[in-house]
Each structure stands twice: as C-alpha cells, then as structure tokens.
Amino acid sequence: MLITRKADYALRMVDHLARRGGGPLAGPALARAVGAPESLAGKVLQQLQRAGIVASRRGVSGGYRLAREPAELTVLEVVEAVQGPLKINVCVTEGFSCERSPHCAVHPLWADLRRLVEERLRRATFSEPLGGAPAASRSPGAAPAPTPER
C-alpha cells in the first residue's frame, strides 16, 4: 500500500484547517503552511471540495475551510478522496475476483491487513492533531510528534 504525495498533502491541509479554526484560508497560504507546491495543492483542494471535505468561498475574504466538523472527518475519507480506495493487493480490491482466492495461502493475510488499515484510518479523525501535539506547541517546519496508539 502506498499513500501518495497527494494524499499526504491532503491530510496535512485538512489537519491544518482543523487546528487553525476561524475563517477561510486562501489556497496559496494553505499550500505554504503545509509545504505543498501551489499547483498540486490546488488540485488536491478541488478533489477535497468535490468530496465534501472542504468548502471554498471566492472573493477578498474567501478561501478554504472545512465543510464539516473535524470530528466528522476521517483520515480514510481524506485519503480515499484523493487517491481512491486503499489497495493492499489487487486480490482484496472490491470488485476483483481471483480464481486462487479460495485456496490461496496469503489471501487471508491481505484481506485482514486491508481490514485493519481501513479500520484504523476510519477511527482517526481530525478532532485531535494527527501528530499528537497541540497545534500551539508545534514549531513551524518541525516534524510531527509520533501518533499515540488509540
């Protein structure tokens, strides 16, 4: 399973908006805040907007904000909005049928791993900082603290 760079930036942008609170933030400012190239951030924000994760407003006081409360947004939802369903192995992808599945020694492992990863990402919301530290204690550009097990 590979979490794409787009998904990584999407998670950072949603987390930043959740920590920031307040009014909308302009796309270029949001891109700078998370260290994303503006062109890629714009594409990611469009995908997040289509998925109903962020909302935008045009004009002088416009920008992006979360479309729902942080506790209602899951990490899985954000990842899937920009890169599609998680794929551990093609044999456990929805809609795929493999003739080896009934007697395959590793199929149960892939299926269990996919279920565990999806469950963990579905439980993780933006109600708390993804990095574990409150936003005020983070230094700009500092690496996030390890995420505690929940």
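The single condition from (1) under 27 Å from Glu119 (Cα atoms); (2) aliphatic (A, V, I, L, M); (3) surrounded by fewer than 18 Cβ atoms within 10 Å (Cβ to Cβ); (4) at pLDDT 95 or above that Leu76 fails is (3).
The set of residues from the range 1-33 being farther than 30 Å from Cys91 by Cβ and under 13 Å from the mean Cα position of the chain (by Cα) comprises Arg12, Met13, Val14, Asp15, His16, Leu17, Ala18.
With respect to the conditions (1) over 21 Å from Val117 (Cα atoms); (2) modelled with pLDDT under 95, Gly52 falls short on a single one, namely (2). Checking each residue in the range 117-136 for being of a type in the set (A, V, I, L, M, F, W, C) and at pLDDT 85 or above picks out Val117, Leu121, Ala124, Phe126.
Exactly one residue among Arg150, Arg114 is at pLDDT below 90, surrounded by fewer than 16 Cβ atoms within 10 Å (Cβ to Cβ) and in contact with a helix residue (DSSP H, G or I) (Cβ under 7 Å, 6 or more places away or on another chain), and that residue is Arg150.
For Ala67, indicate whether it is of a type in the set (Gly, Ala, Ser), within 15 Å of Thr125 (Cα to Cα) and touching a residue at least 40 places away in the same chain (Cβ under 8 Å). Taking the combined requirement at face value, the residue does not satisfy it.
The values are calculated or read from the model by the stated rules, or taken from the named source; none is laboratory data. From a predicted model like this one, the values you see are computed outputs, not experimental measurements. A quick note on method: Cβ atoms are made from the backbone with ideal geometry, for glycine too, and the neighbour counts reach across all protein chains shown.
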